[in-house]
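Beneath this line is the structure, given in structure tokens, with notes to follow.
The values are calculated or read from the model by the stated rules, or taken from the named source; none is laboratory data. Computed from a predicted model, the values in this text were never measured in an experiment. Cβ: placed from backbone, ideal geometry, glycine included. Neighbour counts: every protein chain shown.
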Amino acid sequence: MTKEIEREYTFLLNELPSGLKDFPSVIIEDNFVPASAEHPVLRIRRRADKYEITKKYPVDVGEDGKGGDASRQVEHTIPLSEAEYEDLNGYDGKRFVKRRFYYEGGGVKSDIDVYLGALKGLATADFEFENDAEMTAFVKPDFAGEDVSHELVLAGGMLCGKSYEDIRAVLKDKYGHEPIEGVEEFEEEAGVKV
């Protein structure tokens, strides 16, 4: 098991960066458990042929499980075998599928997540940092939209099990976000029903 502090900013994308499909990518399937939790923090993940279970929460979250700095997260990860994943993934949870691109552009590296299926129209860019100094010195590239690092509705455990329609009003009213068009080819490659 690994335990680390993840330092990360997340930005909405209003359009996909030019040439994105030429960068390496992987399909990620997430199942957040338990399904009964409003904001589950336990994630069962398949990333291509790698499997893991992760518990992730803000560094300074209160005893009530609320609050904290969402840009700095404690992350406990345990690798799983395929058989372990298949058994654990059978738990009733809240799910989503996304295609993650390992993008380099605008002088930075980022993970660009293009959500598929029910969340089609949503895309975000994550920028990770080794330390607080790097994080403080970061200048957002032109292709990144609004900073949503602290937007609860876009936290994985809150986003899972929802559709774009469920979050449309928040994205439109707060950020002026319109759904991204033209991701059908990514869904077909991922085997997601369109």
Residue under evaluation Asp92, criteria (1) farther than 22 Å from His150 by Cβ; (2) touching a residue at least 60 places away in the same chain (Cβ under 8 Å); (3) assigned to a loop (DSSP other than H, G, I, E, B), criterion not met: (2)
Among residues of segment 7-25, those that are in a strand (DSSP E or B) and either under 13 Å from the mean Cα position of the chain (by Cα) or exposed (fewer than 14 other Cβ atoms within 10 Å of the Cβ) (or both), counted: 5
Residue check for Ala144: in a loop (DSSP other than H, G, I, E, B), under 18 Å from the mean Cα position of the chain (by Cα) and farther than 19 Å from Cys160 by Cα: yes
Pair list, Cβ under 6 Å, 6 or more apart: segment 34-59 residue in contact (Cβ under 8 Å) with a residue 24 or more places away in the chain and within 17 Å of Asp87 (Cα to Cα), other residue of a type in the set (Ser, Thr, Tyr) and not in a loop (DSSP other than H, G, I, E, B): Arg43/Thr54; Tyr51/Tyr85; Glu52/Thr77; Thr54/Thr77
Verdict on Leu80 being at pLDDT 95 or above, farther than 19 Å from Leu116 by Cβ, in contact with a helix residue (DSSP H, G or I) (Cβ under 9 Å, 6 or more places away or on another chain) and not aromatic (Phe, Trp, Tyr): yes
Conditions (1) outside any helix (DSSP H, G or I); (2) in contact (Cβ under 8 Å) with a residue 12 or more places away in the chain; (3) more than 18 Å from Ile27 (Cβ to Cβ); number of the one not met by Ile180: (3)
Counted residues, segment 159-179 - those being under 15 Å from Glu38 (Cα atoms), of a type in the set (A, V, I, L, M, F, W, C) and surrounded by fewer than 19 Cβ atoms within 10 Å (Cβ to Cβ): 0
Evaluation of Leu152 against (1) within 26 Å of Ala37 (Cβ to Cβ); (2) touching a helix residue (DSSP H, G or I) at 6+ places or on another chain (Cβ under 9 Å); (3) modelled with pLDDT of 90 or more (one fails), failing number: (3)
Filter result (farther than 18 Å from Phe186 by Cβ and either under 20 Å from the mean Cα position of the chain (by Cα) or exposed (fewer than 12 other Cβ atoms within 10 Å of the Cβ) (or both)) within segment 89-104: Asn89, Gly90, Asp92, Gly93, Lys94, Glu104
